[in-house]
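Each reported figure results from applying straightforward, stated rules to the coordinates on display, with no laboratory input. The structure presented is a predicted model; accordingly, all values stated were derived computationally and were not measured. Cβ sites come from the backbone with ideal geometry, for glycine too, and all protein chains shown count toward neighbours.
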Amino acid sequence: MKYFEVRNIKFETQVNEGKKYLKGMIPYNSRSLDLGGYTEIVSPTAFNKTLKDGKNVWALLDHKKEKVLGNTRSNTLKLESTSEGLLCEVEVPNTSYAN
C-alpha cells in the first residue's frame, strides 16, 4: 500500500482481487497547501448539486481528458459526501499512465 498527498488531500492505493484502487478524501473546511499565493477551502455543500444530479463525473490524471482513471457512470469512480469530506474511490485502469 502506498500513501501520497496532493495539496492537503491524502490518498492511498490498494490492490484487491487483482484490481487496483485509489482511495481518499477531499476534506471540508480545511485550508489547502499554498497554491502559488492563495489557498482553497472546500465547503461542505460544494459537491451537493453534482452528486444529486447524478451526472457522470470523471477522475482524470493531471486534469487531462485523455488520461481517464474512472467515472461514475461506469461505476469505476465512487463518490460519497460525509460530514468530514468527499470520499473518493476509483478503480484504476491498467494503463501506462495509471500504473
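Remarks
- Hits among lysines - C-alpha to C-alpha of K49 under 16 Å, sequence gap 8 or more where chains match: K78
- Close amide H contacts of V57 (hydrogens built in the peptide plane, cut-off under 5 Å, sequence separation of 5 or more or a different chain): T72, R73.
- N48-N94 FRET efficiency (beta carbon distance; Förster radius 41 Å; 0.05 resolution): 0.80
- Choice from G24, G37, G85 showing the highest fluctuation, given a GNM over the chain with Cα pairs closer than 10 Å: G37
- The phi torsions of the stretch 52-67, fed into the Karplus equation with coefficients 6.51, -1.76 and 1.60 and a -60° offset, translate into couplings of 5, 5, x, 6, 5, 10, 10, 9, 10, 7, 6, 6, 9, 5, 8, 10 Hz, rounded to whole numbers, with Gly and Pro shown as x.
- Using θ = phi - 60° in the Karplus curve 6.51 cos²θ - 1.76 cosθ + 1.60, the 3J(HN,Hα) couplings for the stretch 75-87 round to 6, 8, 10, 10, 10, 8, 8, 10, 5, 8, x, 8, 7 Hz; x is entered for Gly and Pro.
- Directionally averaged projected area (the chain, Cα convex hull): 7.1 nm².
- Extreme residue, positive dipole direction of the stretch 1-98, given options G54, V42, L87 (C-beta unit charges): G54
- Helical mean residue ellipticity (222 nm; -39500 (n - 2.57) per DSSP H run of 4+; nearest 500) of the chain: -1500 deg cm²/dmol
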